[in-house]
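Participant: Shown below is the structure under consideration.
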Amino acid sequence: MRIDLHVHSNASDGTDDPAEVVRRARAAGLDVMALTDHDTQAGVPSALSAAGDDLTLVPGLELSCLLDGRSVHLLGYLFDPDDAELRAETAQIRDDRTYRAKAMVAKARELGADVSWDQVAAIADGAVIGRPHIARALAAAGAVQTPADAFTADWIADGGRAYVDRYAVDLARGVSLVRAAGGVTVLAHPRSPGYEIPDEVIAALAHAGLCGIEVFHPDHDLKERARLSDLAKSLGLITTGGSDDHGSFNNHGLGVETTPPEEYELLLALARPQP
């Protein structure tokens with residue numbers, strides 16, 4: 001089985017609609033795919049409809065969290081989408097994303113970029129607003145050559161001249177929220193530059209309901225994967241993998257990283273059946 005448990009659509013900051021993501025998953029030879037858009041499951045119904053019988057679609061999301069004031073991400077799978085607390089938290093995060101994006105556009109304009117909120121909103125097209133949408137607007141305006149060039153100190157990288165902080169949930173609370181909703185919690189790319197989560201924090205979270213670590217990710221080299229695998233084993237955590245594909249925005253490619261089938265079975269066993 002080929003299993004990719006970290007995929008984005010244009011329901012957040014991917015470039016392809018959920019049905020197209022499913023088509024690409026089939027073309028990549030995937031048997032299982034999780035849709036993990038940022039702070040929303042808006043794309044899940046469309047993806048489930050497109051998946052049919054030959055592709056298993058795992059409902060999920062990537063929850064925006066904070067650790068000591070830094071942005072980190074938590075993957076949540078198979079939780080109750082109607083859980084009141086989790087719904088309220090993700091709604092607040094999404095609302096704040098809009099306020100933050102408007103402030104970042106204003107800063108970019110002050111720096112000389114010919115961008116507007118209407119342009120960014122048109123690019124997002126109703127999706128959860130993220131920095132990639134602003135990056136695409138900056139590239140379209142000629143302020144940067146490519147969207148990737150916007151993620152620098154000159155523009156919208158963390159701490160950059162046009163960067164603005166936003167609301168996110170404390171990481172430990174995020175773990176508790178997803179688990180209380182019956183879901184499975186996995187730290188997303190915990191050694192990606194800027195998103196690092198120390199071993200001692202992972203150990204504390206493991207005792208507080210964390211289920212796993214995303215080990216197999218494009219940002220993790222072989223040495224880091226070995227370290228994280230050993231850590232997961234010592235803490236009794238599952239190890240997952242995913243492409244973190246955003247369509248043409250990052251060109252990772254669906255299935256470039258995958259989850260071992262036996263770890264996927266453990267993940268399924270940790271989820272609480274929904275009514």
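The values are calculated or read from the model by the stated rules, or taken from the named source; none is laboratory data. Because the structure is a prediction, the values reported are computed rather than measured. Here Cβ is always computed from backbone atoms with ideal geometry, including for glycine, and neighbour counts include all displayed protein chains. To get the accessible areas, we keep the full protein, side chains included, count just its heavy atoms, and leave off ligands, DNA and RNA. Shrake-Rupley method; radii C 1.70, N 1.55, O 1.52, S 1.80 Å.
Participant: Return a yes/no flag: does segment 33-56 have any residue that is touching an Asp or Glu at 6+ places or on another chain (Cβ under 6 Å) and open to solvent by 10 Å² or more (accessible area, probe 1.4 Å).
Facilitator: Initially, segment 33-56 is screened for residues touching an Asp or Glu at 6+ places or on another chain (Cβ under 6 Å), giving 33, 36, 38, 43.
Narrowing further to those that are open to solvent by 10 Å² or more (accessible area, probe 1.4 Å): 38.
The answer is yes, given that some residue of segment 33-56 is touching an Asp or Glu at 6+ places or on another chain (Cβ under 6 Å) and open to solvent by 10 Å² or more (accessible area, probe 1.4 Å).
Participant: Does Asp82 satisfy the criteria of being assigned to a loop (DSSP other than H, G, I, E, B) and under 19 Å from Val128 (Cα atoms)? Full working, then the answer.
Facilitator: Values: assigned to a loop (DSSP other than H, G, I, E, B): yes; under 19 Å from Val128 (Cα atoms): yes.
Spelling it out, Asp82 is indeed assigned to a loop (DSSP other than H, G, I, E, B) and under 19 Å from Val128 (Cα atoms).
Participant: Something else: Name the residue, out of Arg191, Arg272, that is in a loop (DSSP other than H, G, I, E, B), in contact (Cβ under 8 Å) with a residue 60 or more places away in the chain and basic (Lys, Arg). Step through it out loud before you land on a result.
Facilitator: Details: Arg191 fails: in contact (Cβ under 8 Å) with a residue 60 or more places away in the chain.
Going through Arg191, Arg272 in turn, just one is in a loop (DSSP other than H, G, I, E, B), in contact (Cβ under 8 Å) with a residue 60 or more places away in the chain and basic (Lys, Arg): Arg272.
Participant: Considering only segment 57-66, state which residues are open to solvent by 40 Å² or more (accessible area, probe 1.4 Å) and farther than 14 Å from Val169 by Cβ.
Facilitator: Within segment 57-66, the first condition is being open to solvent by 40 Å² or more (accessible area, probe 1.4 Å), and the residues that meet it are 66.
Residues satisfying the conditions do not exist here.
Participant: Still on this model: Name the pairs: first residue in segment 119-142 and farther than 17 Å from Ala11 by Cα, second residue of a type in the set (S, T, N, Q) and part of a helix (DSSP H, G or I), Cβ to Cβ under 8 Å, at least 6 apart or on different chains?
Facilitator: Listed pairs, sorted by first residue: Ala137/Gln119; Ala140/Gln119; Ala141/Gln119.
Participant: Here's a check for you: in segment 67-83, which residue that is of a type in the set (A, V, I, L, M) and more than 14 Å from the chain's Cα centre (by Cα) is least open to solvent (accessible area, probe 1.4 Å)?
Facilitator: Residues of segment 67-83 that are of a type in the set (A, V, I, L, M), as a first pass: 67, 72, 74-75, 78.
So of that shortlist, the ones also more than 14 Å from the chain's Cα centre (by Cα) come out as 67, 78.
Details: Leu67: 22, Leu78: 44 Å².
Per the criteria, the residue is Leu67.
Participant: Taking the residues in segment 84-95 that are among the charged types (D, E, K, R) and buried (at least 17 other Cβ atoms within 10 Å of the Cβ) as candidates, determine which candidate is farthest from Leu138 (Cα to Cα). Break it down into steps so the answer makes sense when it comes.
Facilitator: Of segment 84-95, the ones among the charged types (D, E, K, R) are 85, 87, 89, 94-95.
In the following step, the residues that additionally are buried (at least 17 other Cβ atoms within 10 Å of the Cβ) were identified as 89, 94.
Working: Glu89: 30, Arg94: 22 Å.
Filtering first and then ranking leaves Glu89.
Participant: OK, next. Of the residues Arg166, Arg179, Arg131, Arg161, which single one is closer than 29 Å to Arg87 by Cα and open to solvent by 70 Å² or more (accessible area, probe 1.4 Å)? Even if it seems obvious, please write down each step before you answer.
Facilitator: Numbers: Arg166 fails: open to solvent by 70 Å² or more (accessible area, probe 1.4 Å); Arg131 fails: open to solvent by 70 Å² or more (accessible area, probe 1.4 Å); Arg161 fails: closer than 29 Å to Arg87 by Cα.
Just a single option satisfies the conditions, and that option is Arg179.
Participant: What number of residues within segment 67-107 are in contact with a strand residue (DSSP E or B) (Cβ under 6 Å, 6 or more places away or on another chain) and within 16 Å of Gly159 (Cα to Cα)?
Facilitator: Within segment 67-107, residues that are in contact with a strand residue (DSSP E or B) (Cβ under 6 Å, 6 or more places away or on another chain) and within 16 Å of Gly159 (Cα to Cα) number 1.
Participant: Can you tell me which residue is surrounded by the most Cβ atoms within 10 Å (Cβ to Cβ) among those in segment 134-158 that are of a type outside the set (A, V, I, L, M) and not in a loop (DSSP other than H, G, I, E, B)? Step through it out loud before you land on a result.
Facilitator: Filtering segment 134-158 down to residues of a type outside the set (A, V, I, L, M) leaves 136, 142, 145-147, 149, 151-152, 154-155, 158.
Now narrow it down to the ones that are not in a loop (DSSP other than H, G, I, E, B): 136, 147, 149.
Values: Arg136: 22, Pro147: 20, Asp149: 14.
Per the stated criteria, the residue is Arg136.
Participant: Return the residue satisfying two criteria in turn: it lies in segment 247-275 and is open to solvent by 50 Å² or more (accessible area, probe 1.4 Å) and closer than 20 Å to Glu20 by Cβ, and of such residues it is modelled with the highest pLDDT.
Facilitator: For segment 247-275, the residue satisfying everything is Val256.
Participant: Which of the residues spanning segment 182-215 are under 22 Å from Asp39 (Cα atoms) and open to solvent by 40 Å² or more (accessible area, probe 1.4 Å)?
Facilitator: If the condition is that a residue be under 22 Å from Asp39 (Cα atoms) and open to solvent by 40 Å² or more (accessible area, probe 1.4 Å), then Arg191, Pro193, Tyr195, Glu196, Ala208 are the ones that fit.
Participant: Something else: Which members of segment 101-115 meet the condition of being assigned to a helix (DSSP H, G or I) and open to solvent by less than 20 Å² (accessible area, probe 1.4 Å)?
Facilitator: Within segment 101-115, Ala101, Met104, Val105, Ala108 meet the criteria.
Participant: Here's another thing I want to ask about it. Out of curiosity, is Leu78 touching a Pro at 6+ places or on another chain (Cβ under 8 Å), in contact (Cβ under 8 Å) with a residue 12 or more places away in the chain and over 17 Å from Ala127 (Cβ atoms)? Give the steps one after another, and end with the answer.
Facilitator: Values: touching a Pro at 6+ places or on another chain (Cβ under 8 Å): yes; in contact (Cβ under 8 Å) with a residue 12 or more places away in the chain: yes; over 17 Å from Ala127 (Cβ atoms): yes.
Criteria met by Leu78.
Participant: For the list (1) in contact with a strand residue (DSSP E or B) (Cβ under 9 Å, 6 or more places away or on another chain); (2) of a type in the set (Lys, Arg); (3) in contact (Cβ under 8 Å) with a residue 40 or more places away in the chain, I need the number of the one condition that Arg161 fails.
Facilitator: (1)
Participant: Which is open to solvent by 60 Å² or more (accessible area, probe 1.4 Å), closer than 30 Å to Ala153 by Cα and either without any contact (Cβ under 8 Å) to a residue 40 or more places away in the chain or not basic (Lys, Arg) (or both), of Asp244, Asp221?
Facilitator: On the way: Asp244 fails: open to solvent by 60 Å² or more (accessible area, probe 1.4 Å).
Selected residue: Asp221, the only one of Asp244, Asp221 that is open to solvent by 60 Å² or more (accessible area, probe 1.4 Å), closer than 30 Å to Ala153 by Cα and either without any contact (Cβ under 8 Å) to a residue 40 or more places away in the chain or not basic (Lys, Arg) (or both).
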